[in-house]
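Trainee: So that we are looking at the same thing, I have put the structure below in structure tokens.
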Amino acid sequence: MGDRVVILGGGVAGMSAAHELVERGFVVQVFEKRRIAGGKARSVPVPGSGTEGRRDLPGEHGFRFFPRFYRHLPDTMRRIPYGDNRHGVEDNLVETTRLEYPLVGQAPIVAVDRFPRSLADWKLVFKDMTGDYGFQPGEQEFFAERIWQIITSCEDRRVDEYERLGWWEFVGAATRSPAYQKFLAGGLTRSLNAAKAQLASTRTIGDVLVQLLFDILTPGTSSDRLLNGPTNDVWIDPWLAYLREQGVDYQFGAHFERLNVADGRIASATVTQDGRTFDVQADHYLCCVPLEVMARHITPELLAADSTLQGIVDIRRNVQWMNGIQFYLKQDVPIVHGHALYVDSAWALTSVSQAQFWPRFDFARAGDGTVRGILSVDISEWEVAGSEAHTGGRTAKQCTHEEIAAETWYQLKQSLNRPGAELLTDDMLHSWFLDPDIIPRLDPADPAGRSRERDSEPLLVNYINSWDKRPDAYTRIPNLFLAADYVRTYTDLATMEGANEAARRAVNSIIDASGSSAPLCQLWKLHEPELFAPWRANDQTRYDAGMPWDGELDLGKRLARLFG
């Protein structure tokens, strides 16, 4: 029997680590504080919404997004059995075909999110290229040059220079048009895990945007995929069942209290479950809890054993909110076959019309039986004022749940409806459900005694100069390991993919520490097309010589010197 591993936290990172460990002969026990598996990726059923024997309406912490450049997570998903699916749960991913930018008072911008496969796709491409969206002369070309700089820069320059440079500054947004700021500089980034263009590093945002562009420009599958049903139905629950079948002991309602240190090692972890507090012991301990939770557990004893853990405390506030709200509709409204990005919305909304992607979900057997569609919305901006009518000019953080729902619905209608073409009307709305991670609390600074919302699971944003403070999956404490979206990875973004990659890195470190002969987990770097290798090599030479980036590269002259 292999070494025993205790995993604290049962989200994507914890489940990914448990998956890899149990398949390699380790004895695995997982402690998850909630009564449902999946962490931030979980479904959130609407409590009590099912009547007359129907299931509860499906809610989500936020809708799922599986870009084509993900490699680690799909590899795990295809190893989770699901009915007759040849590739397991991975076969439950559905390709999208379009990306829409709804605009206030204007027709929406609709773009393809895959390499064009039809005449209709090509027509959209050329329509996008010729549209008048308010850009000033030269702005689109300048943004293209910025993307070109990312593509042709060597890795050392990205880690050094671009890690210390904010995206807003890199793309020169402050001096450019509102259209440039809205569509290019800010609109894309704030929909990528709530990353704020003024704060996030050029390295992180640039690398991810380039990956998404490569996905669209490369023939093959779509750049965007969604699940074909509620998350726990078609992914998390089958995963949990598989892990338990393999021998993983997955415990619900178990709160991680502290790590106990003795002689420079972790001696035990203290857990509270069902009102009982106890210590658990193992050969190895793997913490898979979110950043702000882990920061609270960095004790003087841990720091004495590994001073580098201070970095976790230092970046604990590098988080932003991105939470879901579902609007249940009496009739389905398939706005676009993919994501809609509301770049005009004050609260940085993005949405998916779910029913079109859930062919096997029987809406008549959920809730009270009258819901026919779900508009799943993510709110990424919580610190900008909403409308006077619905919020009194307050931010989302300062609003009640009812005010958040009313304002979000209002912003959706603002962008989707125009004279003679109303997509959303109030009579369509059945009900709504806000992510329960948004918790009201009394704001002592408010003389009216209003509550101010708290997000119990915010998302890490890679602020500039934060890479060096983020930990690796292994620590200087020989039997303590970390796997969460704040761990340093190739993915370098707080995503399910980043959590899965971090788990693989932690498992590899546990294999090494245990002396096991089990095979290591596979890791993939971000895709860097060989087409641009000469430019990256040229920039590496310039970087090593202390010279700035220069994207010009005359291959003819280089070849002449080489063979001349």
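Any read-out appearing in this document is the output of simple, stated calculations on the displayed coordinates, not a laboratory observation. The structure presented is a predicted model; accordingly, all values stated were derived computationally and were not measured. Counting neighbours? That spans all protein chains shown, and the Cβs are built from the backbone with ideal geometry, glycine included.
Trainee: Gap in Å between the Cα centre of the stretch 357-380 and the Cα centre of the stretch 193-269?
Mentor: 24
Trainee: Per-residue HN-Hα couplings for the stretch 325-331, Karplus 6.51 cos²θ - 1.76 cosθ + 1.60 at θ = phi - 60°, whole Hz, x for Gly and Pro?
Mentor: Once θ is set to phi - 60°, the couplings for the stretch 325-331 become 9, 10, 10, 8, 10, 6, 9 Hz.
Trainee: When only DSSP loop residues count, what GluC sites (Glu not before Pro) in the stretch 462-554 have their Cβ near at most 11 other Cβ atoms within 10 Å? If you can, show how the numbers build up before the last one.
Mentor: Numbers: sites: GLU497, GLU501, GLU530, GLU552; in loops: GLU552.
Answer in residue order: GLU552.
Trainee: Anything over 24 Å Cα to Cα? Flag those among LYS40/LYS397; LYS182/LYS469; LYS182/LYS525; LYS182/LYS397, in the order listed.
Mentor: Details: LYS40/LYS397 19 Å; LYS182/LYS469 31 Å; LYS182/LYS525 30 Å; LYS182/LYS397 22 Å.
Check vs 24 Å cut-off fails for LYS182/LYS469; LYS182/LYS525.
Trainee: Count neighbours as other Cβ atoms within 10 Å of each site's Cβ, and list the chymotrypsin sites (Phe, Trp or Tyr not before Pro) in the stretch 455-535 that are DSSP loop with at most 13 such neighbours. Before the final figure, lay out the partial values.
Mentor: Numbers: sites: TYR463, TRP467, TYR474, PHE481, TYR486, TYR490, TRP524, PHE532, TRP535; in loops: TYR486, TYR490, TRP524.
When the chymotrypsin sites (Phe, Trp or Tyr not before Pro) of the stretch 455-535 are filtered for loop state and at most 13 Cβ neighbours within 10 Å, nothing remains.
Trainee: How about the stretch 35-119: which trypsin sites (Lys or Arg not before Pro) there lie in a loop by DSSP and see at most 10 other Cβ atoms within 10 Å?
Mentor: On the way: sites: ARG35, LYS40, ARG42, ARG54, ARG55, ARG64, ARG68, ARG71, ARG78, ARG79, ARG86, ARG98, ARG114, ARG117; in loops: ARG35, ARG42, ARG54, ARG64, ARG68, ARG71, ARG78, ARG79, ARG86, ARG114, ARG117.
Passing both the DSSP loop test and the Cβ count: ARG35, ARG86.
Trainee: Order of HIS255, HIS430 from fewest to most other C-beta atoms within 10 Å?
Mentor: Numbers: HIS255 14, HIS430 17.
So the residues, fewest neighbours to most, are HIS255, HIS430.
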